[in-house]
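The numbers here are math on the coordinates, done by the rules we state, and not lab data. Every value quoted in this text rests on a predicted model; they were computed, and no experiment measured them. Glycine also receives a Cβ, built like all others from the backbone with ideal geometry; neighbour counts cover every protein chain displayed.
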């Protein structure tokens with residue numbers, strides 16, 4: 001009898017421990033999942049907010065997206081507003097995202113039981129409020145957007161009911177500002193001022209020209225040779241050269257490809273996340289090239305290895321993301337791979353077997369919009385995939401220099417494939433057994 005009683009208590013205790021352990025594990029998994037889903041933490045700044053909403057906005061479709069504007073509402077979250085009838089005034093809240101804490105839980109409500117205060121927003125970027133979001137049901141969620149005229153009445157009513165609760169706008173005030181360029185029609189950015197075709201009107205332009213000057217050659221040559229290092233990785237399939245010697249360098253002025261890139265870049269405005277060390281190419285750039293880059297979107301010049309015939313195809317039509325990684329694989333997943341050092345991109349370059357530049361390799365010097373960068377300093381794998389799946393980044397910096405002593409690679413995944421412009425073609429020869 002005692003044996004049965006002892007067995008009963010052993011089974012009872014074991015069952016209890018199992019249930020408790022299972023409960024704890026489920027709670028931990030829930031917290032981790034919620035944390036991964038939280039892309040709008042309390043500490044989120046305006047740039048990250050705009051970046052997040054830019055991706056969310058893509059759900060409404062290309063045509064409707066032209067009339068949508070994301071707004072950051074400070075501690076109250078974020079929203080995407082839409083001009084549904086095309087009259088130039090936002091009138092619909094397409095999506096409202098309440099602010100979440102880093103653990104993925106809704107932030108504690110700081111408003112009164114009467115609901116959220118009216119919140120003024122500027123949808124044109126002129127520093128003046130033209131619309132107001134209202135919690136009409138006093139449910140702690142914004143559900144209505146009204147015009148400027150009605151906004152003034154809303155402010156008066158809110159101030160009368162509870163003085164100081166209405167948030168009046170002010171130029172440059174954090175929390176109500178939104179990124180006006182996101183509402184700009186596609187293709188409205190001008191061509192680079194140093195292009196020979198810079199004076200051509202944008203929008204209807206359709207040209208493809210090649211510029212070859214001594215200044216272009218000398219500037220890009222300095223960049224090619226200044227970023228070369230005798231470091232070889234497993235991606236190299238040829239003997240490590242002692243140097244790279246350029247033979248021809250052209251600047252490509254391609255209107256359709258540039259307008260596609262410029263439009264993507266304008267949508268990325270204010271979506272930046274600076275990493276500790278910018279690409280090595282930046283400090284070696286000629287001043288006009290440095291000045292042409294936009295800091296606010298983490299725009300940089302980076303190399304991409306290819307062949308002479310491949311370079312012509314890419315500069316004519318832009319990159320084909322479906323063929324990305326064909327030459328040397330794709331360690332950080334599918335996408336377009338770029339490097340800050342010419343010796344790394346040379347590992348992916350190949351010679352033409354025939355034609356005018358048979359026996360020569362090619363490299364492209366591209367403008368690349370990195371946006372918010374996921375700086376990855378360990379081996380690629382499941383953890384990287386999980387972090388990227390959060391949808392909070394625009395590009396990946398695979399930093400094998402940090403833990404392998406080799407190179408850093410910059411990756412644009414397929415959904416960001418329009419974020420590059422192949423501006424310079426470099427035809428070069430590998431120099432082996434260089435005599436010094």
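Note the per residue figure in Å³ for the convex hull of the C-alpha positions in the range 208-431. Working shown, then result.
On the way: hull volume 26.0 nm³, N = 224.
Looking at the range 208-431, the number lands at 116 Å³ per residue.
Fully extended, how many nm does the chain gain between residue 293 and residue 138 (0.36 nm per residue separation, minus their Cα-Cα distance)?
Details: separation 155, 0.36 × 155 = 55.80 nm, distance 4.58 nm.
Net length gain for the segment: 51.2 nm.
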Sorted peptide list for 131-144, 414-427, criterion being average Cβ within 10 angstrom, highest first: 414-427, 131-144
Rounded FRET efficiency, nearest 0.05, which uses the C-beta distance separating residue 222 from residue 193 and R0 of 22 Å: 0.55
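Most exposed first by the Cβ proxy, i.e. fewest other Cβ within 10 Å, how do 375, 304, 264 rank?
Details: 375 16, 304 24, 264 19.
With the fewest neighbours first, 375, 304, 264 line up as 375, 264, 304.
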Extension gain from residue 431 to residue 317, taking 0.36 nm per residue of separation minus the Cα-Cα distance: 38.0 nm
Ascending count of other beta-carbon atoms within 10 Å, so fewest first, for 382, 337, 301, 194: 382, 194, 301, 337
Residue order, fewest to most beta carbons within 10 Å, for 366, 361, 392: 392, 366, 361
At 1.567 mPa s and 4 °C, Stokes D of the range 368-436 from Kirkwood alpha-carbon radius, µm² per second: 90
Counting DSSP beta bridges with both ends in the range 208-431, the antiparallel % (nearest 5): 85
Difference of contour (0.36 nm per residue) and Cα-Cα distance, residue 147 to residue 415: 93.0 nm
